[in-house]
Amino acid sequence: MERVRAGMFARSKTGHDKDKLYIILKTEDEYVYLTDGRLRPLSKPKKKKRKHIQPICRFPEGWESERITDDYVKRAIRLQE
């Protein structure tokens, strides 16, 4: 599998959120934490197994993980779609 890093875009492959676009907030061994800035804000990210996402090897413009906000995430996803 591709190297998955925080800040990359990812698309859900399974579940009720299939084909939904997220930004990877954090990675662990077999899980990633995803945010969309709206239903899944930075304060409550979605935990999903790595095998259930399709990473997109692109980062939002100006990605700085310490300074991101929900509005920034929403805007980046809207521009990516």
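Observations on the structure shown:
- Residue that is of a type in the set (Ser, Thr, Tyr) and touching a strand residue (DSSP E or B) at 6+ places or on another chain (Cβ under 9 Å), where the choices are Tyr72, Tyr22: Tyr22
- Any strands (runs of 3 or more DSSP E) falling wholly within the range 1-41 and containing at least 3 residues that are in contact (Cβ under 8 Å) with a residue 24 or more places away in the chain and hydrophobic (A, V, I, L, M, F, W, C): 21-27
- Residues that are small (Gly, Ala, Ser) and open to solvent by 50 Å² or more (accessible area, probe 1.4 Å) within the range 23-81 comprise Ser43, Gly62, Ser65, listed in sequence order.
The values are calculated or read from the model by the stated rules, or taken from the named source; none is laboratory data. These figures come from a predicted structure and were not determined experimentally. Heads up, the Cβs are rebuilt from the backbone with ideal geometry, glycines too, and the neighbour counts pull from every protein chain shown. Calculation scope for accessible area: heavy atoms of the full protein, side chains included, ligands and nucleic acids excluded. Shrake-Rupley method; radii C 1.70, N 1.55, O 1.52, S 1.80 Å.
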